[in-house]
1. Taking 0.36 nm per residue of separation and subtracting the Cα-Cα distance, what length does fully extending Lys95 through Arg47 add?
2. Between Leu21 and Asp105, what is the spin-label point distance in nm, taking each point 7 Å from the Cα along the Cα→C-beta axis?
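Laboratory data are not the source of any read-out in this text; all were calculated from the coordinates shown. No experiment lies behind these values; they were computed from the predicted model shown. Neighbour counts are summed over all protein chains in view; Cβ atoms, including those assigned to glycine, are modelled from backbone coordinates with ideal geometry.
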Amino acid sequence: MAKKTGSMPGKDVEGADEPILTKTYLSDEELEHFRQLLLKRREEVLRDLDILRSSLSDENVEDSINSNYSMHMADHGTETMDREQRFMFIARDEKYIGYIDQALDRIRNKTYGICVKSGKPIPKKRLEAVPHTAVRIEFKQGKK
């Protein structure tokens with residue numbers, strides 16, 4: 001039997017006919033794959049955070065050593081901008097760690113891979129690209 005190719009109202013959104021889930025559709029092996037992927041990314045981000053935080057600490061030590069020397073206003077502005085940028089990167093990485101931890105919780109609860117907004121499965125291709133995601137792409141893009 002051939003499928004109709006015509007457009008049906010409400011069927012133009014990818015996954016519109018997919019069921020609403022309460023438990024993951026992924027196998028235990030797939031969940032373990034995503035858990036390992038998330039743990040690896042978490043480790044990388046924690047390493048980056050350590051580097052950023054230590055650069056701030058090193059800078060504070062340098063500031064106290066060099067405090068007796070006058071500094072040109074432009075140099076001071078550049079240093080301030082660099083410091084603010086590092087704080088911004090730290091905040092971004094800490095937020096990312098939170099998303100990773102939430103995804104790991106969803107794996108433990110067997111709800112990983114289910115869109116928190118629609119209850120529909122998140123495609124594996126999206127999970128591979130953005131393993132910490134909690135929503136389908138149409139919600140991320142603001143289409144719904």
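1. 15.8 nm
2. Here the answer is 2.0 nm between the modelled labels.
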